[in-house]
Amino acid sequence: MLKNIHISSELKQVLIIMTFGFLLIETLTPATIGFVVLGGVLILLGKIPGPLIRNLITLILFFIYWLTYGKIIDPEVGLNFLTSILVIKMLEKENDRDSYMIFFGLLLLISAGSLFQKNIMYVFFFGLSFFILIQDFYRFLRLPSGPISLFKNLLWILPISALFFFFAPRLMNPFQIESSIPKEGNIGYTPDVNISAIESLSSNDQVVFRAVVPKQLPQEQLYWRGNIITFTDGWNWNVMPDNRPQPDFKTTQVEKTHYFQQRIKTFSRFDFFFGLDSPAVISNATGEIELGATHTLSQVHWQSQSRYIVYSELDSHQNNSKLDRKFIRTSLRPDDKEWINQKFKSEQLPDLLKEIQNYFRSEEFSFSLSPGKVESFRSFMQDKKIGFCSHYASALALILRTKKIPSRLVSGFLGGTFNKFAGFYQVSQNDAHVWVEAYYEGHWQRIDATTWIAPDRMSLGGEAFMKSSSSGSLMAKAFSSKQIEFIRNLQQWIIQWDFKFNMLLDELDYYGQDALLKKFNIKREWIMRAIPFTVIIFIIFYGLFLRSDRRKLSKSEYLWKIFLERMKKRGLDINLFSLAETEKKLKSENSNVNQIWAELVKYSFSSRAKMSYLALKKKIKSL
């Protein structure tokens, strides 16, 4: 009966929105997630709050979002608010109008979620939810809602959707993706190195970029350069204008056969391009650029590139023809410089590095993400003696500069998880790292002081290092030693499909579509002119299809259809909630109507009914 279908629809809607909350748990706030669960439980139990309570909850949620984000007009805030409002609407569902609003609201919500989740699991959830919602909506409208009928409709919709997906014009400058700056207190890449105010860092497994490579590399070669920093205030390091070389991409092709290629896909907006040390050429849809002696390149903010190719020369010595005094400025106080000269006597880089390394070991320096506040160089070297990569890189560079050895900091990443199924490295914020480059014997050399203190940080990579540090008990370690390879392979096998799906979507941007159109000698203006006519033609043919499909009713369905039409003409609008209720309404009619009604019920629900279809049809039409 339709009443039972109505209850089943509510259950399905609750499951859809609760599954949506689970899949978007990283985007939705705890308040939203809690309200989704609470609302779902109340709906299933039939404990519906009154209008006053619902309005109060709406205002409370509004202020929670305002206090959390400080604004309302924002994609993430909008998704949270839409989710909450939809739950409230589901709580006050009373009439057909509410049913329409919930149906279209759920479609809007799961569609909006695809902006935040672009993986195979969400595609499966979206497709299943869309099918369930459409099926229930067709039942609500008393239209054919069987799988075969819906599949026929999808056969019409899928081709036009595919046509628009590949050929609908895309914008050259779409809305920029979110900024890459990690939340305060989290591990993550930042162009500047400001460490005096940082007391601790928390793990951050947010994916920064994926890089498709020809082969897997040794761990010691996985230094992903972001940017160079030359200016220091005596402890912190800040990017200056001369550290931001501007891109000048040209269409000329550079010979790249001897370089190591990386196809980069970033997931946030960054100030710099990334590439393995030492990047020599960067290529994107607009052209190529040779980096020469800079080995770093800033992004254009209003047209940030999320996909590009980097060609690096591995294990190369970087030359620099513009070496000047900025690489030996320290901004240290005279007593700090005097302390350095007293502690470290050597003037040549190899011997000086040995002295610094021996000092770190003899003074029992240690690695920690929670060193407390370290406000100065001397505080770190004499008192704290504990820190993470930024502390050790800053201290080492300041010592080298004091000894008149040109030095600079490099901010980027060390490590990454290699996916052997799809041939790419996945680099997360946990892999963020800072190291030193010193100019010696005519070229820049990489020096990573963190590896002296925490060698596992380099051998494992940041993400794996964080996981190994968090596994506490011997039982957990024993389990991981036996099972981790299988679990890792399973995870990578699943991730590869998400990766391939994302590549399919991302590569068909403005430039990818432009290449596709040129391949078929199609101009964009032709597409713009053809779209309105395509939509009109589709509507006409789809309308004819629906009209012909209505004629394909079964004999029983057709008899019910004309019976309801005849009753409506007699002024009796019958809603088939149950046979018993309909019989009560028909009591006021004459005996002929009731007799035909009884024959119709028997014909429809009794497998032994032997009455003639044509005879019954004639009787119904005579009403």
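Values in this text are rule-based calculations from the coordinates and carry no lab data. As the structure is a prediction and not an experimental result, all values here were calculated from the model. Reconstructed Cβ throughout: ideal geometry from the backbone, glycine too, with neighbour counts over all protein chains shown.
Computed quantities for the displayed model
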read-out: Loop sites in segment 338-428: trypsin sites (Lys or Arg not before Pro), DSSP, at most 12 other Cβ within 10 Å; value: Lys345, Lys373, Lys404, Lys420
read-out: Shape of segment 229-383, Cα gyration tensor, a/c cut at 1.5; value: prolate
read-out: The chain, helix-only ellipticity at 222 nm - DSSP H runs n ≥ 4, -39,500 (n - 2.57), divided by all residues, nearest 500; value: -16500 deg cm²/dmol
read-out: Cβ-defined net charge surrounding Glu355, 9 Å radius [Lys, Arg +1; Asp, Glu -1]; value: +2
read-out: Under 19 Å from Lys12, Cα to Cα: aspartates and glutamates that are on another chain or at least 8 residues apart; value: Glu92, Glu94, Asp96, Asp98, Asp136
read-out: J(HN,Hα) series, segment 48-60, from Karplus relation 6.51 cos²θ - 1.76 cosθ + 1.60, nearest Hz, glycine and proline x; value: 8, x, x, x, 4, 5, 5, 5, 5, 4, 4, 5, 4
read-out: Kirkwood-based shape ratio for segment 2-141, expressed as Rg/Rh from alpha carbons; value: 0.95
read-out: Most to least packed among 284-296, 146-158, 78-90 [average Cβ atoms within 10 Å]; value: 78-90, 284-296, 146-158
read-out: At R0 = 30 Å, FRET efficiency that the Cβ-Cβ distance of Arg488 and Glu184 yields, to 0.05; value: 0.45
read-out: Degrees separating the helix 96-113 axis from the principal Cα axis of the chain, which is the longest one; value: 30
read-out: Reach of Lys354 by Cα under 28 Å, taken over lysines that are not fewer than 8 positions away in the same chain; value: Lys326, Lys337, Lys343, Lys345, Lys373, Lys384, Lys385, Lys403, Lys404
read-out: Eligible lysines near Lys618 by straight Cα distance, threshold 28 Å, same-chain separation 8 or greater; value: Lys552, Lys555, Lys561, Lys568, Lys569, Lys584, Lys585, Lys587, Lys602, Lys610
read-out: Candidates per trypsin sites (Lys or Arg not before Pro) in segment 188-252, loop by DSSP, up to 14 other Cβ within 10 Å; value: Lys215
read-out: Cβ-based charge dipole, the chain, positive-most Cα from Ile282, Ser362, Leu490; value: Leu490
read-out: Range of Cα positions in the chain per principal axis (Å), largest first; value: 116, 59, 47
